[in-house]
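Encoded as structure tokens, the structure appears first; notes follow it.
Bear in mind these aren't lab numbers, they're just calculated from the coordinates by the rules spelled out. These figures come from a predicted structure and were not determined experimentally. Cβ coordinates were reconstructed from backbone atoms using ideal geometry, including for glycine residues, and neighbour counts include every protein chain displayed.
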Amino acid sequence: MQHIRIAASEEAFKELFNRIRDDFSWSNSNSVDLGPFTAGYGVGVKLEGGSINLQNAPDRMVLNELDVVIDPLFLQIGIDLPTICTPSICLFWLPIVGCILEIPSYCLFEDDIDFGLDLDLGNIIEAEISGAFNVVTNYFNNPAKAGQSDHQAYFNDNANRWQFLLDPIWLDLDIIDIADVVGNILDAAIDTAIDNFLSGAPGFVIDLIEWLFGGIVDLIVGALDIFDDIDEWLSDLLGTSLGLFDAILTVVAEFLAADNPIYEFQDPYPMLSSGSLIPVLIPVENVDVDITNDEFLVLADVGN
Amino acid sequence: MALTDFSSVYVDIHETGFNNILRHFQLQRPSLFNYGTADLLENPRLFCVPISFHPAVAQYSNPVATGIPYVPIPGYFGPHGLSACIQIVRAGLDFHPENSISPLPKELQPLAAQETSLTATLSIGLGCPGGSILEQFVPAPGNEPDLGKLFDEIPSPTQPFPSQKMMCFRLEVYAKVRIVRNPPVMEMRLLNLEIVDISPNGMEKAIECYAITLVKLALIPQVRIMMEDLVFELNDFISLAPAPISADIPFNPSVADDRVAIFYNLL
């Protein structure tokens, strides 16, 4: 027989979840050197949709299909191709005098970033998070309270606390889809980069590149190691190379759970804490939680 | 049947927990349970019942009792009055059904649905100056008080008579109350009060009447709760307010099964 019972309906819990979800936002940036090219991103993430259900035996809260809105997402790729220099070519040579008319040597791809691609990939990637949590209680023995009475600890803000923590059982991020338009975005970025590269180059250079490499587009695509599936390439670049998806999963997990209590209160619990007299401190014991299919319960006893 | 079948949030407390809270109040706010004249406040050992209190009360120099005026003597206009004390030695409640306070005095039986019984042991003391001490305060001939105007002006004594001996006695008090919503407040309604074993019966009734009047007019209004104060926020995300009365929630708060419960809805 518990002295105190506090119950929240599944609907109330869903409303609490919705408001917590709507309060989430995260932005981050990262970059990596992958040899032939460097890649970096700037991202903003919000959460939408999804639902939470309470389950009994085993007690858990199930998170279903929480949409991860990855917007904005800016991907910047810098391609550094090996410098290539054409030999000088003598067009007219006279004995003793030597070459009197020559085409000088011309070097290509001397810059650190020969081609820069700026991709706006906001709202391109559809992702969902699903998972299951339990709620556990923890009694936090505040080390700062050592040697203090309960009232001293109250006034010094060092009181012990009962904490309610979300304990993730499992949590997954699934990439549902990458919009087909990503191919068009990439093509447009490559065209822009090529135009910028060629804007000051002599006409024979263009012909030379075509003759040597079969076209600049092929050069770039080859450097990026893009073959048939752009979706797979992008997912691999963002996920594996840049670690974006793991970062998103980690930050969502930490927001929903991890070390941050979803709720906590002092023990002993203060009453009549306003005014000039000491508060009345009520010891709270045996705090526990119970999850049924219909509601979430907090149970506790008042100490003697 | 879930506790939240008809509301978003449900909170209840068992009478055992409530009585435990009451005991903590008694130890940490002794001034709510002990009342005495100024001489007793200066020397708490003079109280009828030794006052028990939590060490923090002394550590933070909180009062162990609340001051009350000396008892005046109508017609005597000197500075002296009688010392007095009133102490709530023991207090408890019992939510329906009747069990932890049982049996109730027959005048209060039965404890009906939604009713709560209260009990308290009061210790009352009056300082009595010995006969020989009083002689020095008897008005000199020619200074007798005017009997016709004895109560026209009630004096306000500022000192106790010397050498008083506290005459102490105890009363057992029982009451029945009901918690009602009287917008904008939630309050207790006193249904009946019984003081056990005062004789003669007429005096018991008269004293009970006075006590009921005192409780209704002076004490109960002190413990009203503004309903807007029952609205609270949870982590800045959720605001809750007491659910309205309906067919599904005929009473809010509800007293049943040895508990008092409040039903809340999300705002």
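Evaluating kT/(6 pi eta Rh) at 37 °C and 0.692 mPa s, with the Kirkwood radius of chain A over Cα pairs in the Stokes-Einstein relation, gives 133 µm² s⁻¹. Once both labels are positioned 7 Å from their Cα atoms along Cα-to-Cβ, the gap between residue B:61 and residue B:257 label points is 5.0 nm. Above 27 Å, the calculated P(r) of the range A:48-198 contains 65 percent of its Cα-Cα pairs. Along the axis of the charge dipole computed for chain B (Cβ charges of +1 for Lys and Arg, -1 for Asp and Glu, origin at the Cα centre), the listed residues B:253, B:127, B:24 are led at the positive end by B:127. Measuring r between the beta carbons of residue A:304 and residue A:148 and using R0 = 22 Å, the FRET efficiency lands at 0.55. When only alpha carbons are used to place a centre, the range B:160-177 and the range A:52-89 end up 78 Å from one another. Taking a ≥ b ≥ c as the square roots of the eigenvalues of the Cα gyration tensor, the range B:11-121 is classed as oblate, since a/c reaches at least 1.5 and a/b does not exceed b/c. Which angle from 0 to 90°, rounded to the nearest 10, does the C-alpha axis of helix A:181-198 make with the longest principal axis of chain A? Long axis of A:181-198 versus the principal axis of chain A: about 40 degrees.
Using a 4.7 Å Cβ-Cβ cutoff, the cysteines of chain B lacking any partner cysteine are B:85, B:128, B:209. Take each residue of peptide A:263-269, count the partner chain Cβ atoms within 10 Å of its Cβ, and average: the result is 1.
Distance distribution note for the range A:154-203: the fraction of Cα pairs above 18 angstrom is 71%.
By the Kirkwood approach, averaging reciprocal distances over each pair of separate Cα atoms, chain B gets a hydrodynamic radius of 21.8 Å. FRET efficiency for the pair residue A:85 and residue A:251, taken as 1/(1 + (r/R0)^6) with r the Cβ-Cβ distance and R0 = 51 Å, rounds to 0.60. Altogether, the Stokes-Einstein calculation at 37 °C and 0.692 mPa s, with the Kirkwood radius of the range B:125-267 over Cα pairs as Rh, returns a diffusion coefficient of 158 µm²/s.
Report the full-extension gain for the segment residue A:264 to residue A:128: residue separation times 0.36 nm, less the Cα-Cα distance, to one decimal in nm.
46.0 nm
With Kirkwood's inverse mean 1/r over C-alpha pairs for Rh, give me the Rg to Rh ratio of the range B:137-202, two decimals please. List each step's numbers first, then the result.
Values: Rg = 21.5 Å, Rh = 17.9 Å.
For the range B:137-202, the value is 1.20.
Relative to the 2.2 N^0.38 Å rule of thumb, the range B:100-146 has a C-alpha radius of gyration ratio of 2.46. Shielding by partners for peptide B:6-12, expressed as the average number of C-beta atoms from other protein chains within 10 Å of each residue's C-beta, is 6. Relative to the 2.2 N^0.38 Å rule of thumb, the protein assembly as shown has a C-alpha radius of gyration ratio of 1.66. Neighbour counts of other Cβ atoms within 10 Å put A:93, A:26 in the fewest-to-most order A:93, A:26. Computed on the Cα atoms alone, the convex hull of the range A:1-129 gives a volume of 159 cubic angstrom per residue. The length gained on full extension between residue A:74 and residue A:57, counted as 0.36 nm times the residue separation minus their Cα-Cα distance, comes to 1.7 nm.
Report the calculated FRET efficiency for residue B:133 and residue A:65 (r = Cβ-Cβ distance, R0 = 51 Å), to the nearest 0.05.
That pair, residue B:133 with residue A:65, gives E of 0.05.
Spacing of the modelled spin labels on residue A:109 and residue B:150, each 7 Å from Cα toward Cβ, amounts to 12.0 nm.
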